[in-house]
Amino acid sequence: MQYHQPVLLQESVDALAIKPGGIYVDVTFGGGGHTAFILEKMEGGQLYSFDQDTDAEKQSEKFISEKFTFVKANFRYLKKYLRLYGVRQVDGILADLGVSSHQFNTAERGFSTRFDGPLDMRMDKDGALTARDVVNTYEEEQLHKIFGLYGEVKNARTLARELVSARNINPIETIADFKQAIAGCTPKGKENKYLAQVFQALRIEVNDELKALEEMLEQAVEVLKPGGRLSVISYHSLEDRLVKNYIGKGKFFGEVEKDFFGNEIKPLDSVTRKPIVPSAQELQENNRSRSAKLRVAVKRETQESSKK
């Protein structure tokens with residue numbers, strides 16, 4: 001089985017407009033698909049690939065190139081780790097925000113609704129918080145908020161109540177336990193979609209995904225050279241909204257700020273008016289690409305107007 005089938009591979013790497021001798025960052029190494037393709041296109045220069053997952057680190061050992069450096073870290077520490085390598089500015093950054101096929105297909109990681117396994121969902125296996133902790137220890141109100149906000153689950157309040165009732169009888173240890181505990185809330189005929197939303201909410205909470213994404217985007221702007229490119233693939237509306245707002249407005253919420261002359265104060269310009277989505281052929285070959293959206297931005301040549 002292929003470790004991971006990269007989504008929007010050609011489009012996302014082309015978006016970087018790779019230059020000879022350039023410095024690039026793949027902040028989500030995963031199975032290394034995007035990294036491999038970037039390396040193919042590079043003439044000299046250096047590529048730094050980040051991932052917090054030990055399995056990804058093992059996968060990276062297959063890459064032997066003077067141009068390649070693997071960084072075992074969450075991308076929210078982008079700037080810190082680049083500095084450790086003496087890098088202050090880069091020509092392009094690529095982020096593929098999805099869970100890797102390998103993570104989904106490994107039952108003991110607890111990411112997939114298809115298998116039974118422990119309620120884990122940690123992208124960093126050394127992380128302290130697991131999905132089991134969330135399900136068994138969070139207050140009902142916290143669970144309600146997570147499922148409503150991160151999963152956009154319609155009956156989030158009922159779901160939270162059911163979970164608390166179930167865990168009061170027996171701890172919820174496995175995916176099978178979890179599914180059984182919420183069976184009464186799961187809409188008939190829409191089980192797969194519902195469980196996907198619920199699992200997404202837990203995964204986002206366990207890995208602090210949205211806050212990490214915000215921190216990475218803010219640092220990306222700091223480390224990109226003027227004219228440098230940002231290429232980001234997202235898979236659900238919460239991620240896409242943050243990426244879209246930050247590219248379009250220079251902030252995650254609210255309206256774009258303007259200077260005295262009415263010029264927009266923001267560090268990035270969008271390269272494409274609409275997000276790039278997978279072709280019909282890619283959708284046919286890789287079902288997991290169906291929700292993918294690629295947004296591409298370039299850092300403004302002058303930053304004077306974006307300083308607050």
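The values are calculated or read from the model by the stated rules, or taken from the named source; none is laboratory data. Everything numeric here is computed off the predicted structure, so don't read it as measured data. Counting neighbours? That spans all protein chains shown, and the Cβs are built from the backbone with ideal geometry, glycine included. Heavy atoms of the whole protein, side chains included, go into the accessibility calculation; ligands, DNA and RNA do not. Shrake-Rupley method; radii C 1.70, N 1.55, O 1.52, S 1.80 Å.
Among the criteria (1) open to solvent by less than 50 Å² (accessible area, probe 1.4 Å); (2) touching an Asp or Glu at 6+ places or on another chain (Cβ under 7 Å), the one LYS249 does not fulfil is (1). Do the conditions hold for LEU294, that is, is it aliphatic (A, V, I, L, M), in the same structural domain as LEU217 (by the TED database) and assigned to a strand (DSSP E or B)? When the stated conditions are applied, LEU294 passes them. With respect to (1) polar (S, T, N, Q); (2) within 30 Å of ALA128 (Cα to Cα); (3) crowded, with 22+ Cβ neighbours inside 10 Å, the lone exception for GLN5 is condition (3).
Working carefully through the options LEU238, LEU195, find the one that is assigned by the TED database to the domain that holds VAL13 and not polar (S, T, N, Q). It would help to see each step written out before you state the result.
Working: LEU195 fails: assigned by the TED database to the domain that holds VAL13.
Residue meeting the stated conditions: LEU238.
Residue pairs whose Cβ atoms lie under 8 Å apart, separated by 6 or more positions or on different chains, with the first residue in segment 70-82 and of a type in the set (Ser, Thr, Tyr) and the second open to solvent by less than 60 Å² (accessible area, probe 1.4 Å), are TYR81/TYR48; TYR81/PHE50; TYR81/VAL71; TYR81/ALA73. State yes or no: is PHE252 assigned to a loop (DSSP other than H, G, I, E, B) and touching a helix residue (DSSP H, G or I) at 6+ places or on another chain (Cβ under 7 Å)? Taking the combined requirement at face value, the residue satisfies it. Being at pLDDT 95 or above and either under 28 Å from VAL298 (Cβ atoms) or open to solvent by 10 Å² or more (accessible area, probe 1.4 Å) (or both) is a property that GLY22 has. Only a single item in (1) open to solvent by less than 30 Å² (accessible area, probe 1.4 Å); (2) out of contact with any Asp or Glu (no Cβ under 8 Å at 6 or more places or on another chain); (3) outside the structural domain of ASP240 (by the TED database); (4) on the phi < 0 side of the Ramachandran plot is not met by MET121, and it is number (4). Scanning segment 108-132 for residues that are over 20 Å from the mean Cα position of the chain (by Cα) and free of Cβ contacts under 8 Å to residues at least 40 places away in the same chain, we see that the one that is nearest to ALA56 (Cα to Cα) is GLU108.
Just to be sure before I move on: is GLU61 among the acidic types (Asp, Glu) and under 19 Å from the mean Cα position of the chain (by Cα) in the structure I sent?
No: the conditions fail for GLU61.
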